[in-house]
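Data block below; observations after.
The values are calculated or read from the model by the stated rules, or taken from the named source; none is laboratory data. What you see is a predicted model, and the numbers here were worked out from it, not measured in a lab. Reconstructed Cβ throughout: ideal geometry from the backbone, glycine too, with neighbour counts over all protein chains shown. Remember, those area values only see protein heavy atoms, side chains included, never the ligands or the DNA or RNA. Shrake-Rupley method; radii C 1.70, N 1.55, O 1.52, S 1.80 Å.
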Amino acid sequence: QAVLTQPPSVSAAPGQKVTISCSGSRSNIGHNLVSWYQQLPGTAPKLLIYDNNRRPSGIPDRFSGSKSGTSATLGITGLQTGDEAEYYCGTWDSSLSAGVFGGGTKLTVL
Amino acid sequence: EVQLVESGGGLVQPGGSLRLSCVVSGFTFSSSAMHWVRQAPRKGLEYVSGINSDGDSTYYSDSVKGRFTISRDISKNTLYLQMGSLRPEDTAVYYCARGGYNWNFFDYWGQGALVTVSS
């Protein structure tokens with residue numbers, strides 16, 4: 001059972017926008033910064049968003065992040081078939097003194 | 001170019017031990033926190049362990065605490081994960097990852113090493 005809660009799946013048409021939610025608690029999202037990862041089938045995770053809303057070099061601005069209280073959201077606009085992947089949120093948990101992740105959300109671009 | 005290359009995975013019997021290695025290049029290893037994250041077959045990501053840049057602070061998930069030990073060798077640019085008392089539920093792909101400056105993210109990941117615990 002993952003510490004952070006994500007919807008198992010989301011879907012949208014090419015060109016549309018989708019959001020993925022991530023819910024936690026005060027000890028993790030409430031007190032720490034959130035990151036998001038994209039995992040294409042058979043590959044290692046890739047950092048998409050860090051510090052709630054910052055994008056690493058090379059990540060297009062179609063990807064955005066936000067945080068409010070103990071929840072965070074990943075937004076993807078202008079969906080492309082290449083965006084089909086599993087998406088994970090993550091952060092540090094100050095009570096566990098360990099990293100924590102969401103269970104993952106599978107994005108399908110119809 | 002940043003590279004993290006894991007090795008040491010394989011098949012091990014329940015109760016056995018295994019040591020994973022992660023050789024890094026392309027960044028200053030001695031200045032970076034490092035972590036291990038695993039992914040069981042068809043499951044999500046699970047944090048395993050982390051170590052600070054100095055090597056004097058380590059962190060473990062409850063599921064591996066007391067059985068796994070993380071360490072680093074600055075002279076070899078290598079991160080290790082010594083795994084003991086292995087259980088079938090430890091079967092997973094183990095990724096090493098560089099930690100972000102504030103321990104809230106992992107910016108570079110290796111390709112992963114598969115560990116299978118089975119009799």
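Values computed for the structure shown
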quantity	calculated
Cα-based equivalent ellipsoid, segment A:1-60: semi-axes from gyration tensor eigenvalues, Å	21, 16, 13
Principal axis dimensions, chain A - Cα atoms, whole angstrom, descending	40, 27, 24
q = 0.20, 0.25 Å⁻¹: log10 I(q)/I(0) that the Debye formula gives for segment B:17-59, counting C-alpha atoms only	-0.79, -1.01
Contact order normalised by residue count of segment B:1-94, Cα under 8 Å, 6+ apart, percent	33
Shape parameters for segment B:60-119, alpha-carbon atoms, Rg then Dmax in Å	12.9, 41
Rg/Rg_ref, segment A:27-73, where Rg_ref = 2.2 N^0.38 Å and atoms are Cα	1.21
37 °C / 0.692 mPa s Stokes-Einstein diffusion coefficient of segment B:1-98, Kirkwood radius on C-alpha pairs, µm²/s	241
Cα centroid separation - segment B:38-93 against segment A:38-70, whole Å	24
Most fluctuating residue given options A:Thr81, A:Thr70, A:Thr19, as computed from a GNM of chain A linking Cα atoms under 10 Å	A:Thr81
Burial of 20 Å² or greater, segment B:29-52 residues [accessible area, probe 1.4 Å, versus chain by itself]	B:Gln39, B:Gly44, B:Leu45, B:Tyr47
Pairwise burial A:B, computed as accessible area of each alone minus the pair, summed, 1.4 Å, Å²	1600
Those trypsin sites (Lys or Arg not before Pro) in segment B:1-70 that DSSP places in a loop and that have at most 10 other beta carbons within 10 Å	B:Arg42
Among B:Thr28, B:Thr78, B:Thr69: highest mean-square fluctuation, GNM of chain B, C-alpha pairs under 10 Å	B:Thr28
Sulfur and carbon atoms: percent of accessible area, chain A [1.4 Å]	47
Total charge dipole magnitude, chain A, about the Cα centre, Cβ charges on Lys, Arg, Asp, Glu only, Debye to nearest 20	160
Under 20 Å from A:Lys17, Cα to Cα: lysines that are on another chain or at least 8 residues apart	A:Lys67, A:Lys106
Nitroxide proxy distance, nm - points 7 Å out along Cα→Cβ at A:Ser25 and B:Gln111	3.9
Largest-first principal axis extents of the Cα set of the protein assembly as shown (Å)	49, 38, 36
Carbon and sulfur %, accessible surface of segment B:13-119 computed with the full protein complex present, 1.4 Å	45
